[in-house]
Amino acid sequence: MTSPFTSLSPPAIDAIAGGKPLALFLDFDGTLVELAATPDGIEVESGLFDRLHALFDRLDGKLALISGRALDNLEMHLGSMRIWRAGSHGSDCRDPAGAAMGSAAQALPPAAIAELMAYADRAGIDYEAKQHGGALHFRAHPDAEGGALAFAETLSAEHGLAVKAGKAVVEVVRPGADKGTAVRAFMARPEFAGACPVFIGDDVTDEDGFAAAQELGGHAIIVGTRGDTRAEYRLPGVKEVHEWLNL
């Protein structure tokens with residue numbers, strides 16, 4: 001998966017699309033806001049909501065947030081948005097007016113939820129309930145990663161579910177949707193026709209979005225120091241993302 005170009009800084013935002021309209025797809029945690037010990041511990045920079053909507057206007061509406069968070073959780077931190085957005089790892093896509101694109105994300109079976117909660121309690125790690133799944137967080141206990149991943153894989157196999165591993169988190173979700181699915185859904189809309197897609201993200205779960213953007217003739221930008229990626233370009237951190245976006 002590793003790209004030979006991942007040490008390269010991306011061209012300027014007004015040049016990366018090569019003369020085409022630019023369509024931006026942005027991850028949230030680790031990309032627009034710094035990671036925190038817990039999902040609710042993030043600090044959203046003052047004015048970020050307004051600046052994202054100004055960027056949406058500058059791009060003639062070709063901007064979408066694509067997050068692993070459920071959309072109601074994302075809006076709890078950002079406010080009620082009027083931009084394209086996808087939550088639950090791409091399984092819940094909405095247009096700027098909030099209308100659903102396709103079916104909403106499905107919750108996990110109650111038995112799977114109960115097993116996840118019981119495991120988190122036994123392992124002394126945090127459990128996060130989501131509309132589309134459940135997450136085991138171990139940022140404060142990095143030694144718990146192997147056990148959490150093994151448990152999640154066994155549980156998923158038993159219930160016909162899927163596992164998404166990220167930075168200090170393992171999530172159990174319904175199979176089928178990922179961030180690449182969301183990119184393709186947005187790019188199929190007439191509002192995005194003819195645009196060059198660029199996906200910016202930091203985590204393993206963003207690789208599907210990277211692949212979709214590249215397959216559609218666009219580019220991928222990874223944030224941070226993770227080495228194993230298909231992205232062509234790299235930005236060092238959240239601060240540099242904001243600078244590149246002119247936020």
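The values are calculated or read from the model by the stated rules, or taken from the named source; none is laboratory data. All values derive from a computational prediction rather than experimental measurement. Please note: Cβ atoms are built from the backbone with ideal geometry, for glycine as well, and neighbour counts cover all protein chains shown.
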Open item on the list: Condition (residue is at pLDDT below 95 and either outside any loop (DSSP other than H, G, I, E, B) or of a type in the set (K, R) (or both)) applied to region 11-29: is it met by at least one residue?
Closed with: no
TODO: Determine whether region 106-122 contains at least one residue that is modelled with pLDDT under 95 and touching a Ser or Thr at 6+ places or on another chain (Cβ under 6 Å).
DONE: no
Task: Among the residues listed as D60, D29, the single one being buried (at least 17 other Cβ atoms within 10 Å of the Cβ), out of contact with any helix residue (DSSP H, G or I) (no Cβ under 6 Å at 6 or more places or on another chain), closer than 24 Å to F210 by Cα and among the charged types (D, E, K, R) - done: D29
Task: Given (1) of a type in the set (D, E); (2) assigned to a helix (DSSP H, G or I); (3) farther than 26 Å from A211 by Cα, number of the condition E128 does not satisfy - done: (2)
Open item on the list: It is to be established whether one or more residues within region 94-113 are in contact (Cβ under 8 Å) with a residue 24 or more places away in the chain and of a type in the set (S, T, Y).
Closed with: no
- [ ] Just give me the residues in region 48-107 being of a type in the set (A, V, I, L, M, F, W, C) and part of a helix (DSSP H, G or I), in sequence order.
- [x] L48, F49, L52, A54, L55, F56, L71, L74, M76, L78
Open item on the list: Can you tell me which condition D178 does not meet? The list is (1) surrounded by 16 or more Cβ atoms within 10 Å (Cβ to Cβ); (2) at pLDDT 95 or above, and all the others hold.
Closed with: (2)
